[in-house]
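Asks: The structure's right below; bear with me while I get my questions together.
No value in this document is a laboratory result; all are computed from the given coordinates. These numbers were taken from a predicted model, which means no experiment stands behind them. Don't worry about glycine lacking a Cβ; one is built from the backbone with ideal geometry, like all the others, and counts go over all protein chains shown.
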Amino acid sequence: MKRLSLILLAALLVFSACSKKPDTKAGAPAYNQLTVYSALPDGEIPTYFNAFEQDTGIHINYVRLSAGEMMARISAEKANPQASIMHGGSSDTYVAADKEDLLAAYQSPELVNIPKEYHDAKGVWNPIYVGAIAFACNTDWFKENKVAMPTSWADLIKPEFKGQISMAHPATSGTSYTILATLIQLFGENDAFNYLKKLNSNVRQYTKAGAAPPQEAALGEAAVAITFSHDGLKPKMEGYPVELVFPSEGTGYEVGGVALIKNGFEKEQENAKRFIDWFISVRCQELFIEAKSNRLPVNTKAKYTPGLVSLDQLPIINYDAVWAGQNKAAFVKKFDEQIKDQSNLKQ
């Protein structure tokens with residue numbers, strides 16, 4: 001009888017342990033799934049998302065899209081959102097998304113460690129990294145062709161670069177839209193589009209994603225890629241013959257963002273906020289080093305890859321991301337009509 005009582009007691013304890021809800025106070029998630037649309041490169045995403053799952057027990061289901069594709073998808077799904085987080089891509093994309101009422105406001109407590117100039121003035125999206133537009137040049141091509149590397153926007157339209165410039169399309173790439181908005185802010189709308197018509201003669205083919213051009217430059221498929229500095233530095237640090245140049249007239253920059261998608265999956269909301277907090281914490285920001293992304297973290301307490309150039313050392317313009325985001329649809333349409341439409345883009 002005593003033995004039977006002990007067996008019954010053990011069974012009761014096992015049943016109680018199995019039926020007990022996760023201890024959310026101790027950090028265990030009440031629901032262990034999170035759905036994310038991410039514009040970060042395929043090669044980086046697993047480093048961050050696997051670490052998040054290890055730290056929190058929350059598994060991320062994600063779709064990798066370019067920033068423009070991500071924006072288009074969230075817009076198309078507005079009535080029935082299929083993800084809870086919009087992740088990566090420049091802040092002007094987030095301004096445009098907020099203009100379409102696609103985002104839900106959330107500000108992480110981690111923002112106390114991030115410079116005010118990177119914050120969203122409206123308090124909707126959160127900053128996660130910064131990076132400036134640069135020219136990634138294949139040094140072997142320049143040596144073989146005895147041509148000087150470009151040091152200005154004006155250099156890129158020289159005849160010796162015909163078919164040798166690689167850039168993404170601003171309709172699908174946040175990188176390339178930052179390039180477009182930079183040129184308009186530098187030269188004015190009319191002069192910028194006249195410049196882009198000349199540059200178009202030298203572009204070999206427009207790509208969908210902003211991370212593709214530096215790979216083309218690295219492999220010698222193009223002499224110059226117009227890209228973000230962190231994407232241009234990646235092949236250089238992998239041993240490819242690539243050097244970065246920043247245009248002397250001035251260059252734009254991005255503040256990468258992350259935000260809640262409005263009316264995202266109800267069960268995932270706490271996980272989504274936890275993900276945003278985690279991504280701008282020192283823990284995640286220092287994973288940029290492990291991922292070899294060369295992104296500059298926004299968290300001032302985080303270490304970053306030695307040798308990276310901070311924005312205060314570059315000829316950056318006073319880039320107006322809010323203006324860029326508010327005018328994105330109109331400028332992309334104009335580029336589509338006057339420079340190159342979105343058909344037949346290279347992946």
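Asks: Please list, short to long, the whole-number percent of alpha-carbon pairs of the chain in consecutive 20 angstrom bins beginning at zero.
Replies: 30, 52, 13, 4, 1
Asks: Next question, about the same structure. Anyone know which of 97, 329, 83 comes out most mobile in the 10 Å Cα GNM of the chain?
Replies: 329
Asks: Can you list residues from other chains, or at least 5 along the same chain, whose modelled amide H is less than 5 Å from the amide H of residue 261?
Replies: 85, 86, 104
Asks: From the square roots a ≥ b ≥ c of the eigenvalues of the alpha-carbon gyration tensor of the range 243-322, which class results: rounded (a/c under 1.5), prolate (a/b over b/c), or oblate?
Replies: Oblate.
Asks: For the range 141-237, what number of Lys pairs, 8 or more residues apart or on separate chains, have alpha-carbon atoms under 20 Å from each other?
Replies: 11
Asks: Of 225, 201, 261, which is farthest towards the positive pole of the chain's charge dipole, taken about the Cα centre with +1 and -1 on the beta-carbons of Lys, Arg and Asp, Glu respectively?
Replies: 261
Asks: Same structure, new question: Please list, in order along the range 298-311, the HN-Hα scalar couplings obtained from phi with the Karplus expression 6.51 cos²θ - 1.76 cosθ + 1.60 (θ = phi - 60°), rounded to whole Hz, x for Gly and Pro.
Replies: Couplings: 8, 6, 5, 8, 8, 7, 9, 4, x, x, 5, 9, 7, 4 Hz.
Asks: If a/c stays under 1.5 just call it rounded; otherwise compare a/b with b/c (prolate if a/b is bigger, oblate if not). Do that for the range 41-195, with a ≥ b ≥ c from the square roots of the Cα gyration tensor eigenvalues.
Replies: prolate
Asks: Another question about this same structure. Gaussian network model of the chain, Cα springs within a sub-10 Å range: biggest mean-square fluctuation belongs to which of 250, 174, 325?
Replies: Most flexible of the set in this elastic network: 250.
Asks: Same structure, new question: Between 216, 238, 110, where does the largest GNM mean-square fluctuation fall for the chain, given springs only between Cα atoms within less than 10 Å?
Replies: Sorting by GNM fluctuation, first place goes to 238.
Asks: Which ³J(HN,Hα) values in Hz, rounded to whole numbers, follow from the phi angles of the range 153-160 under the Karplus curve 6.51 cos²θ - 1.76 cosθ + 1.60, where θ = phi - 60° and Gly and Pro get x?
Replies: My calculation for the range 153-160 gives 4, 4, 4, 5, 9, 5, x, 5 Hz in order.
Asks: Per DSSP helix of 4 or more residues, -39500 (n - 2.57); summed, then divided by the residues of the chain. What does that give at 222 nm, rounded to the nearest 500?
Replies: Roughly -11000 deg cm²/dmol at 222 nm, from the helical runs in the chain.
Asks: Hey, can you grab everything whose amide H is under 5 Å from the amide H of residue 251? Only 5+ residues off in sequence or another chain; H modelled, so Pro and N-termini drop out.
Replies: Here 316, 317 satisfy the definition.
Asks: Of 291, 56, 248, whose Cα points farthest to the positive end of the dipole of the chain (charges on the beta-carbon: +1 Lys, Arg; -1 Asp, Glu; origin at the Cα centre)?
Replies: Most positive-ward Cα: 56.
Asks: Another question, then. Can you put 70, 237 in order, fewest other beta carbons within 10 Å first?
Replies: Ordered from fewest to most neighbouring Cβ atoms within 10 Å, 70, 237 come out as 237, 70.
Asks: Could you give the dipole magnitude of the range 158-247 about its Cα centre, charging the beta-carbon of Lys and Arg +1 and that of Asp and Glu -1, in debye to the nearest 20?
Replies: Using Cβ point charges on Lys, Arg, Asp and Glu, the range 158-247 gives about 160 debye.
Asks: While we're looking at this one, here's another question. Using the Cα centre as the reference, give the magnitude of the dipole from point charges on the C-beta atoms of the chain (Lys, Arg: +1; Asp, Glu: -1; all else neutral), rounded to the nearest 20 debye.
Replies: For the chain, the charge dipole is close to 900 debye.
Asks: For the range 207-212, in order, what is each residue's ³J(HN,Hα) by Karplus, 6.51 cos²θ - 1.76 cosθ + 1.60 with θ = phi - 60°, in whole Hz (x at glycine and Pro)?
Replies: These are the phi-based 3J(HN,Hα) values: 9, 6, 9, x, 7, 6 Hz.
Asks: Where the only charges are on Cβ atoms (+1 Lys, Arg; -1 Asp, Glu), what is the dipole of the range 176-306 about its Cα centre, to the nearest 20 debye?
Replies: 200 debye
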